1. I'd like the Karplus ³J(HN,Hα) series for region 43-55: coefficients 6.51, -1.76, 1.60, θ = phi - 60°, whole numbers in Hz, and an x wherever there's a Gly or Pro.
2. If Lys and Arg each add +1 and Asp and Glu each add -1, what is the summed charge of the other residues whose beta carbon sits under 10 Å from the beta carbon of Glu43?
3. Calculate, in nm to one decimal, what Leu48 and Ala26 gain on full extension: separation in residues at 0.36 nm each, minus their alpha carbon distance.
4. Would you mind checking the radius of gyration and Dmax of region 3-62 based on alpha-carbon positions, in Å?
Amino acid sequence: MGMSSYLDIMRNRVREQRIQRGLSQAELGAALGVSRQTVISIEGGRYLPSLPLAFRIARFFDVPVDKMFDPQDEVTES
């Protein structure tokens with residue numbers, strides 16, 4: 001499976017969690033040490049964060065990383 005296909009099935013709850021806490025994308029980026037553009041790309045599913053960044057995001061929102069970044073059911077080839 002190519003990277004673009006992988007991105008298509010990776011869902012995340014970054015936007016949902018950010019909005020629940022009343023944070024702007026810039027505020028979240030500053031808290032995580034990344035740019036606002038990085039937050040926008042992660043929320044839009046165009047960028048998969050590195051493992052350390054994924055854990056920082058999950059810890060920031062106090063959500064398990066596997067709940068924050070949730071790949072849909074794996075496609076099985078028959």
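Every number in this text was worked out from the coordinates using simple rules, so none of it is lab data. All figures in this text were calculated on a predicted structure; none of them were measured in a lab. All Cβ positions, even for glycine, are placed from backbone atoms using ideal geometry, and neighbour counts span all protein chains on display.
1. Calculated HN-Hα couplings, in order: 4, x, x, 8, 9, 8, x, 4, 4, x, 5, 4, 5 Hz.
2. For residues surrounding Glu43, the net value is +3.
3. Stretched fully, the Leu48-Ala26 segment lengthens by 6.1 nm.
4. Here Rg and the maximum Cα pair distance are 10.9, 32 Å.
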